[in-house]
1. Name the residue, out of Arg111, Arg19, that is open to solvent by 40 Å² or more (accessible area, probe 1.4 Å), at pLDDT below 80 and part of a helix (DSSP H, G or I).
2. Report, by residue number, each residue of region 67-118 that is of a type in the set (S, T, N, Q) and free of Cβ contacts under 8 Å to residues at least 24 places away in the same chain.
3. Considering only residues that are under 18 Å from the mean Cα position of the chain (by Cα) and farther than 15 Å from Ala45 by Cα, which ones fall in region 82-116?
4. With the requirement that a residue be out of contact with any helix residue (DSSP H, G or I) (no Cβ under 7 Å at 6 or more places or on another chain) and among the hydrophobic types (A, V, I, L, M, F, W, C), what does region 91-118 give you?
5. Tally up the residues in region 32-60 that are more than 17 Å from Phe90 (Cβ to Cβ), surrounded by fewer than 16 Cβ atoms within 10 Å (Cβ to Cβ) and of a type outside the set (S, T, N, Q), please.
6. Restricting the search to region 61-88, which residues are closer than 24 Å to Val104 by Cα, open to solvent by less than 30 Å² (accessible area, probe 1.4 Å) and outside any loop (DSSP other than H, G, I, E, B)?
7. Please work out if Pro88 is at pLDDT 85 or above, touching a helix residue (DSSP H, G or I) at 6+ places or on another chain (Cβ under 9 Å) and not β-branched (Val, Ile, Thr).
Amino acid sequence: MTTMSTGGSASEEPTMTGRSDRTLLARLRHLYGGVFALVYLGVCAALTVWAFVASAGENEDASFAGVIPVLATAPGSLVGLALPGGLPTFVFAVVMGALVNAAVIGWCSRRLRGGPTR
């Protein structure tokens, strides 16, 4: 037999932090949860790791290895590279460019499939 209660205990009620965490996670899943967006983020991460590995080696073209992830995440990464700095600026520019582009790719994917755009 099932019992219905009109009042919940304090442990059943969502807290303000719990609700905002779920909302944030739901928003992130909505933005980056599509297959195409996740594949793009994976490719960008692999290119960035490759650039670090290639630039650490004794190779003549090692200094140009960072160009590939920047071009893969353009135009957002080009805006980020305008900031002063070295390696942290490069990483920030590539990450922000990849996240912006992945959100656009996810939005386009949902739009073309006819899914919710919000």
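The values are calculated or read from the model by the stated rules, or taken from the named source; none is laboratory data. Everything numeric here is computed off the predicted structure, so don't read it as measured data. Cβ atoms come from the backbone with ideal geometry, glycine included; neighbour counts cover every protein chain shown. Ligands, DNA and RNA are excluded from the accessible area calculation, which covers all protein heavy atoms including side chains. Shrake-Rupley method; radii C 1.70, N 1.55, O 1.52, S 1.80 Å.
1. Arg19
2. Passing the criteria: Ser77, Thr89, Thr117.
3. Answer for region 82-116, where residues must be under 18 Å from the mean Cα position of the chain (by Cα) and farther than 15 Å from Ala45 by Cα: Pro88, Thr89, Ala103, Val104, Ile105, Gly106, Trp107, Cys108, Ser109, Arg110.
4. Val91, Val95, Leu99, Val104, Trp107, Cys108, Leu112
5. Narrowing region 32-60 to residues more than 17 Å from Phe90 (Cβ to Cβ): 32-43, 57-60.
Pick out the ones that are also surrounded by fewer than 16 Cβ atoms within 10 Å (Cβ to Cβ) and you get 33, 35-36, 38-39, 42-43, 57-60.
Right, trim to of a type outside the set (S, T, N, Q) and you get 33, 35-36, 38-39, 42-43, 57-58, 60.
Of the residues in region 32-60, 10 are more than 17 Å from Phe90 (Cβ to Cβ), surrounded by fewer than 16 Cβ atoms within 10 Å (Cβ to Cβ) and of a type outside the set (S, T, N, Q).
6. Pro69, Val70, Gly76, Ser77, Gly80
7. Criteria not met by Pro88.
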